[in-house]
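First comes the structure, then the notes that go with it.
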């Protein structure tokens, strides 16, 4: 018996990238899938691919920053499958612009999707889980939560906020039998990081910073998400798990011979 046989998983941002990779893995372990995304074409393509492999899929189009859309997504998932056992929130937007040039309207959009969306989805799905005696929530933070990047203030601020949201939410939700954890991906080969990963000069140069010697894949992250969502992680809540190939462990000097022989 697979870990998620008979379970329902709502994936916010499930049409592509890491969200879709999570959906594929949950589906392979027997879960019913509700995919919520704002990109209609990508959502339809993702659902078609999953159904071709025999997965049970419900799709909901909407904006995670809008409470009505989130409530509708939760209601549709419950209507189709009868419950929500797992919530995965992978939706995010990013814009690289220096702070002093950053438009307020775009700042608000990033905060609304990346942080308010997590609050709305956790609240709506959490109420369903609480009524049934429990569940598991995994939200996507990032190494940007603690590892600063130039021209990326709003995105990093939201990811730092998610880490503290998860810690506080874990304390509130535990009484309802709900666990919540975060995953912190590093540089993963998805649309969000494609400009860096596939740049013929910057890509190989940045890769020198990653001890694992490769960029991450969406499936690398999905495997960790499934662990956190499963009973294998039953004693974990309020945690953020870094999955970055060692990128943020520290700096490498890039010097073969430090010249320390005989040094006092």
Item to check | the chain: most fluctuating residue of 65, 151, 136 per GNM, C-alpha cutoff 10 Å | outcome: 151
Checklist outcome for this item: Candidates 226, 99, 192; GNM for the chain (alpha-carbon contacts under 10 Å) flags as most fluctuating 99
Item to check | Label-point gap, in nm, between residue 131 and residue 175 - each point 7 angstrom along Cα→Cβ | outcome: 2.0
Next on the checklist: For the chain, take the longest principal axis of its alpha carbons; what is the angle in degrees between that and the long axis of helix 153-173, to the nearest 10 within 0 to 90?
Outcome noted: 50
Checklist entry - If you count, for each residue, the other Cβ atoms within 10 Å and average over each peptide, how do 157-167, 236-246 line up from highest to lowest? => result 157-167, 236-246
Next on the checklist: Students often get this wrong, so try it: which of [x] 33, 25, 17; [y] 33, 21, 19; [z] 41, 20, 13 is semi-axes √(5λ) of the Cα gyration tensor in Å as calculated from the structure shown?
Outcome noted: [y]
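Counting helices only, and only those DSSP H runs with n ≥ 4, report the 222 nm mean residue ellipticity of the chain as the sum of -39,500 (n - 2.57) divided by its residues, in deg cm²/dmol to the nearest 500.
-12500 deg cm²/dmol
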Checklist outcome for this item: When 142, 28, 193 are ranked with the fewest other C-beta atoms within 10 Å first, the list becomes 28, 193, 142
Item to check | Mean Cβ neighbour count within 10 Å, used as a protection proxy, ranking 203-209, 77-83, 57-63, 12-18 highest first | outcome: 12-18, 57-63, 77-83, 203-209
Next on the checklist: Only Cα pairs within less than 10 Å get springs; with that Gaussian network setup on the chain, which residue of 178, 188, 38 has the largest fluctuation?
Outcome noted: 38
Checklist outcome for this item: Mean separation of Cα contacts under 8 Å (at least 6 apart) over the residue count of region 112-251, i.e. the relative contact order in percent, is 29
Checklist entry - For a label point 7 angstrom out from the Cα of residue 48 toward its Cβ, which stretches of region 91-116 have the backbone nitrogen within less than 20 Å? => result none
Item to check | Taking the chain and dividing mean pair separation by its residue count, relative contact order in percent (alpha carbons under 8 Å, at least six apart) | outcome: 18
Next on the checklist: Report the Cα centroid-to-centroid distance between region 1-69 and region 116-161 in angstrom, as an integer.
Outcome noted: 18
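Where a number appears in this text, it was derived from the coordinates with a stated rule and is not lab data. Just so it is clear, the structure is predicted and the values come from calculations on it, not from any experiment. Note: ideal-geometry Cβ built from the backbone for every residue, glycine included; neighbour counts use all protein chains shown.
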